[in-house]
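Let me begin by presenting the structure, written as structure tokens, before commenting on it.
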Amino acid sequence: MVSDVHGNARDLARAGEGADALICLGDLVLFLDYHDHSRGIFPDLFGKENADRIVELRTARRFEEAREFGARLWGGIGGDRAAAIEKAVRRQYAEMFAAFPTPTYATYGNVDMPPLWQEYARPGTTVLDGQRVEIGGRTFGFVGGGLKTPMRTPYEIDDEEYAAKIEAVGEVDVLCTHIPPEVPELVYDTVARRFERGSRALLEAIRRTRPRFSLFGHVHQPLVRRMRIGATECVNVGHFAGTGRPWALEW
């Protein structure tokens, strides 16, 4: 089980070794590495110094200044911004999907571009969002994407649409999402020093349907990685880009 891969194709290729299946909870794309500002689509286009600046602004929650700064950079290079980003994302997706073992079950993260996934998913990779599947005799539900934030990442949806996907999944043994339930200890990032957005609908579904596990990523350095909510073990499966280590689900 991996999440927040963010360009780490080398370790992804080994992540499923010894497992019955690999589950990926999204964020394959690396737009900007907050630890190494020289890595990602943004520094490739604009250089590390500009990446340093935009990280500084975002970390300080000066989102409007960050957007204005980014707009000036894009204006300086001309051309079609959306086309440039898509071209870079496609290069990363080609590498990421080639690294997936068979079988892989995957859902989208908030920085992913869902319309492109079907072009790159090979036989043996199953993409699910608001859907359920049986793996090893257990029922797994998958809900991808994130909720709307000032960051305006590509796959952010409104609370009602997200709640509808949670409802569509229904009762499962393992509930797999990109974002965590809305619990302060699970959504606070100790390095970024901010609360990320978790889902209240997910939290309510956990309390109501009582899955054995709720598994997620999104928060790279959470205050708490694991906690129990009633009968459900809630686990942040980790920032795979940084650790290179999958989390193993064993019955």
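The values are calculated or read from the model by the stated rules, or taken from the named source; none is laboratory data. Everything numeric here is computed off the predicted structure, so don't read it as measured data. Here the Cβ is made from the backbone with ideal geometry for all residues, glycine too, and neighbour counts use every protein chain on show. With ligands, DNA and RNA removed, areas are computed over all heavy atoms of the protein, side chains included. Shrake-Rupley method; radii C 1.70, N 1.55, O 1.52, S 1.80 Å.
To keep it simple, each residue is scored yes or no on (1) open to solvent by 10 Å² or more (accessible area, probe 1.4 Å); (2) at pLDDT 95 or above; (3) among the small types (Gly, Ala, Ser).
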| position | (1), (2), (3) |
| --- | --- |
| Val191 | yes, no, no |
| Gly198 | no, yes, yes |
| Leu202 | no, yes, no |
| Ala205 | no, yes, yes |
| Phe216 | no, yes, no |
| Val235 | no, yes, no |
| Pro246 | yes, yes, no |
| Leu249 | yes, yes, no |
For segment 195-251 the number of residues that are out of contact with any Lys or Arg (no Cβ under 9 Å at 6 or more places or on another chain) and at positive phi is 1
**Message:** For the structure I just gave you, tell me whether Tyr108 is open to solvent by less than 30 Å² (accessible area, probe 1.4 Å) and in contact with a Pro (Cβ under 6 Å, 6 or more places away or on another chain).
**Reply:** yes
Within segment 104-131, the residues that are acidic (Asp, Glu) and farther than 13 Å from Leu25 by Cα are Glu119
Pairing a residue in segment 152-166 that is open to solvent by 70 Å² or more (accessible area, probe 1.4 Å) with any residue that is modelled with pLDDT of 95 or more and acidic (Asp, Glu), where Cβ atoms lie under 8 Å and the two sit 6 or more apart in sequence or on different chains, gives Pro154/Asp112
Exception for Arg228 within (1) surrounded by fewer than 18 Cβ atoms within 10 Å (Cβ to Cβ); (2) among the basic types (Lys, Arg); (3) touching a helix residue (DSSP H, G or I) at 6+ places or on another chain (Cβ under 8 Å) falls at (3)
Considering only helices (runs of 4 or more DSSP H) wholly within segment 39-97, the ones with at least 3 residues that are open to solvent by 50 Å² or more (accessible area, probe 1.4 Å) are 48-59, 63-77
Here the qualifying pairs (Cβ atoms under 8 Å; residues six or more apart or on different chains; first in segment 108-136 and under 26 Å from Trp251 (Cβ atoms) and in a loop (DSSP other than H, G, I, E, B); second open to solvent by 50 Å² or more (accessible area, probe 1.4 Å) and hydrophobic (A, V, I, L, M, F, W, C)) come out as Gly130/Ala164; Gly130/Ala168; Gly136/Trp251
